[in-house]
Amino acid sequence: MRVKIFLAALALCAAFLLKPVLFPGPELRVEIPEGSGASSTAALLAREQVISSPLAFKILAKVSGSEHRLIPGVYLLKKGMGSFESLRRIREGRSERAKIVIPEGFMAAQIALRLEASGVCPAQDFLKYVRANNLEGYLFPATYSLDQGLDAQEAAHRMHERFRRAVEPEFSSSPQKRFTLAQALALASIVQREARRSSEMPMIAAVYINRLNRRMRLQADPTVQYALGRESGEWKKELSRADLKLFSKYNTYEYYGLPPGPICSPGLEAFQAVLSPAQTDAIYFVADNAGGHIFSRTNEEHSAARIRIRRETRRSKRQ
């Protein structure tokens, strides 16, 4: 009896599904929401004119064992494609995905703009969710494959999950007891923006820790740049004297201690540098002309280094 029912179902499917589509229509994007079953998916595909018979789609999903294996996402389908091909794509998860590269040192506003430019989700929705849940810095920089039209909350959730898997174990296994996770992350975000070479990160981390130990202001340019570009996603290159007087808790020229939170999403190396800083008495550093920094222990050494860099810069311009 079951065999007869099965054969009848196959015959019905063949009648509706296996006839060739000689003139398929234009392409269109169809989003299959989370939790969609065969019935709701069939109704959606029928409304978009991808299939002609919701019943045939549901029968095919049933007999092929795909009824509960439909993968949500945004799919590039065609009108008149038919149930067989559309079901195959949705069952295999062949959705239209965007490859998103989130570099180390991006602030949330930059990530939001990149997601919007790739068609993943509106920048405003993403940034609103990140701010509401204090996720600045907790979105791990990596390469992601995300469905176009993905919910902003889901996009942020995936980046935060990568952060939890990559960063939290490093913090848990570290012997240091000075910083909380939030404090370590805030300092790591500054190190990420300051470092021109990853090999210098432990030294830069050590300089800022030494300043904290001496009750000195951090005087980190990236914190002011973040305060100025937090909404626009831009890092101002040259800071003015007026910028350094900006009224903001993120301005470490005016306020002591760490900023209220991270200023960007640091990479794992920057975070590790904070947990295991270099052993040094240096409390100053200045960018050199070779893509690195010169570190100094005293203000006199620091002033001499700055003068030397300025001379080298002028000489290079003349040449």
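The values are calculated or read from the model by the stated rules, or taken from the named source; none is laboratory data. This is a predicted model, so every value here is computed, not measured. Backbone-built Cβ (ideal geometry, glycine too); neighbour counts: all protein chains shown.
Can we say PHE84 is in the same structural domain as LEU146 (by TED's automatic domain parsing), farther than 30 Å from ARG197 by Cα and not charged (D, E, K, R)? The answer is no for PHE84. Of all residues in the range 228-235, at least one satisfies being over 18 Å from PRO103 (Cα atoms) and either in contact (Cβ under 8 Å) with a residue 12 or more places away in the chain or of a type in the set (Phe, Trp, Tyr) (or both). All told, ALA152 meets the bar of being within 22 Å of VAL74 (Cβ to Cβ) and either out of contact with any strand residue (DSSP E or B) (no Cβ under 9 Å at 6 or more places or on another chain) or among the hydroxyl-bearing types (Ser, Thr, Tyr) (or both). SER248 falls short on exactly one of the conditions (1) crowded, with 16+ Cβ neighbours inside 10 Å; (2) more than 21 Å from the chain's Cα centre (by Cα); (3) part of a helix (DSSP H, G or I), and that condition is (3).
For the range 115-150, filtered to residues that are part of a helix (DSSP H, G or I) and of a type in the set (Gly, Ala, Ser), the residue that is nearest to GLN183 (Cα to Cα) is ALA132. All conditions in (1) under 23 Å from the mean Cα position of the chain (by Cα); (2) closer than 21 Å to GLY292 by Cα; (3) surrounded by 15 or more Cβ atoms within 10 Å (Cβ to Cβ) hold for ARG196, with the sole exception of (3).
Within the set VAL207, VAL191, VAL167, the sole residue that is over 28 Å from ASN289 (Cα atoms) and crowded, with 16+ Cβ neighbours inside 10 Å turns out to be VAL167. When PRO141, PRO103 are checked against the criterion of being outside the structural domain of PRO72 (by TED's automatic domain parsing) and in contact with a Ser or Thr (Cβ under 6 Å, 6 or more places away or on another chain), a single residue qualifies: PRO141.
Looking only at the range 255-290, count every residue that is part of a helix (DSSP H, G or I), closer than 14 Å to GLU104 by Cα and among the small types (Gly, Ala, Ser) and tell me the total. Matching residues across the range 255-290 total 1.
Checked against (1) surrounded by 15 or more Cβ atoms within 10 Å (Cβ to Cβ); (2) assigned by TED's automatic domain parsing to the domain that holds ALA205, TYR256 passes all but a single condition, namely (1). Between a first residue in the range 112-124 that is in the same structural domain as GLY149 (by TED's automatic domain parsing) and a second residue that is surrounded by fewer than 19 Cβ atoms within 10 Å (Cβ to Cβ) and part of a helix (DSSP H, G or I), which pairs have beta carbons less than 6 Å apart while being 6 or more apart in sequence or on different chains? Taking only residues 6 or more apart or on different chains, the pairs are PRO122/GLU116; ALA123/LEU113; ALA123/GLU116. So, in the range 106-123, how many residues would count as being surrounded by fewer than 23 Cβ atoms within 10 Å (Cβ to Cβ) and under 10 Å from the mean Cα position of the chain (by Cα)? So the count comes out to 3. When the range 227-239 is limited to residues that are part of a loop (DSSP other than H, G, I, E, B) and closer than 23 Å to GLN124 by Cα, the one that is nearest to the chain's Cα centre (by Cα) turns out to be GLY233.
Yes/no matrix, rows are residues, columns are (1) part of a loop (DSSP other than H, G, I, E, B); (2) within 31 Å of the chain's Cα centre (by Cα):
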site	(1), (2)
LEU45	no, no
ILE51	yes, no
PHE57	no, no
LEU60	no, no
VAL74	no, yes
LEU77	no, yes
MET81	yes, no
GLU85	no, no
LYS99	no, yes
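Taking first residues from the range 259-280 that are in the same structural domain as ALA205 (by TED's automatic domain parsing) and over 9 Å from LEU187 (Cβ atoms) and partners that are outside any loop (DSSP other than H, G, I, E, B) and basic (Lys, Arg), the Cβ contacts under 7 Å between residues at least 6 apart in sequence or on separate chains come to ILE263/ARG193; CYS264/ARG193.
Of all the criteria given as (1) surrounded by 16 or more Cβ atoms within 10 Å (Cβ to Cβ); (2) out of contact with any strand residue (DSSP E or B) (no Cβ under 7 Å at 6 or more places or on another chain); (3) assigned to a loop (DSSP other than H, G, I, E, B); (4) not aromatic (Phe, Trp, Tyr), the one not satisfied by HIS68 is (1).
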